[in-house]
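Asks: Please read through the structure below; I'll follow up with questions.
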Amino acid sequence: MAGPNLIVLYVENAAASAAFYARLTGASPVAGSENFIAFPFSGVMLGLWARHKAIPAAGEGGAQSEIGFMVKTATEIEAIYAQWQAEGLTIAQPLTAMDFGPTFVALDPDGHRIRVCLFDN
C-alpha cells in the first residue's frame, strides 16, 4: 500500500479556492469537477472539496490544521512573506523567529492556515 498522497481541504467554493491556490503556487489543477478540484503539490495531491457536498459531512472552520511550505533559507521566507503581503493575503502570524526558525502563517479564503518555515536538511 502506498503512503498518504492526498490532502483534502473542505472549502465553501471550490472554484474560488482553486483560483487562490493556482495563484499562490503557480500550479494548474490536474483533476476536477464543480465541487472537487485537485492540484499536484510536491509529490502529494491537494484536493479542494466543496464543504456542502462532502460525504460524510465536514465540520466547520479551517484553522484546525496547517499546510506547510518548507523552504531552504530565511531569505526565501522573507521574500514570500513580502510577496503574499503585497498580494493581500490575510496574515495570521507575522514573520516571527520561533524555536524552529523564522516563520509566518497566512490564511486561505476559508481560513485554512498556510505556514512558511525552514526545511533544515
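Asks: Give the residue that is nearest to L107 (Cα to Cα), with candidates limited to residues of segment 58-84 that are part of a helix (DSSP H, G or I) and not aliphatic (A, V, I, L, M).
Replies: Looking at the filtered set, the residue picked out is W84.
Asks: Which one of these does I55 not meet: (1) surrounded by 13 or more Cβ atoms within 10 Å (Cβ to Cβ); (2) closer than 21 Å to N5 by Cβ; (3) over 13 Å from the mean Cα position of the chain (by Cα)?
Replies: Condition not satisfied by I55: (1).
Residue-wise test of (1) crowded, with 17+ Cβ neighbours inside 10 Å; (2) at negative phi; (3) in contact with a strand residue (DSSP E or B) (Cβ under 8 Å, 6 or more places away or on another chain).
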| site | (1), (2), (3) |
| --- | --- |
| T25 | no, yes, yes |
| S28 | no, yes, yes |
| S33 | no, yes, no |
| L46 | yes, yes, yes |
| W49 | yes, yes, yes |
| A79 | no, yes, no |
| Q83 | no, yes, no |
| A86 | no, yes, no |
| V116 | yes, yes, yes |
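Asks: Which residue is modelled with the lowest pLDDT, if the candidates are limited to segment 100-121 and must be in a loop (DSSP other than H, G, I, E, B) and under 15 Å from M70 (Cα atoms)?
Replies: Looking at residues that are in a loop (DSSP other than H, G, I, E, B) and under 15 Å from M70 (Cα atoms), I get N121.
Asks: If you don't mind, another one. Test E66 against the stated conditions and say whether it is among the charged types (D, E, K, R) and under 14 Å from the mean Cα position of the chain (by Cα).
Replies: So E66 fits the description; yes.
Asks: Next up: Do any residues in segment 24-47 that are farther than 23 Å from G3 by Cβ have Cβ atoms under 7 Å from those of residues that are assigned to a strand (DSSP E or B), where the two are at least six apart or on different chains, and which pairs are they?
Replies: These pairs meet every condition: G32/A38; N35/W49; N35/A50.
The values are calculated or read from the model by the stated rules, or taken from the named source; none is laboratory data. Since this is a predicted model, take the numbers as computed values, not measurements. Reconstructed Cβ throughout: ideal geometry from the backbone, glycine too, with neighbour counts over all protein chains shown.
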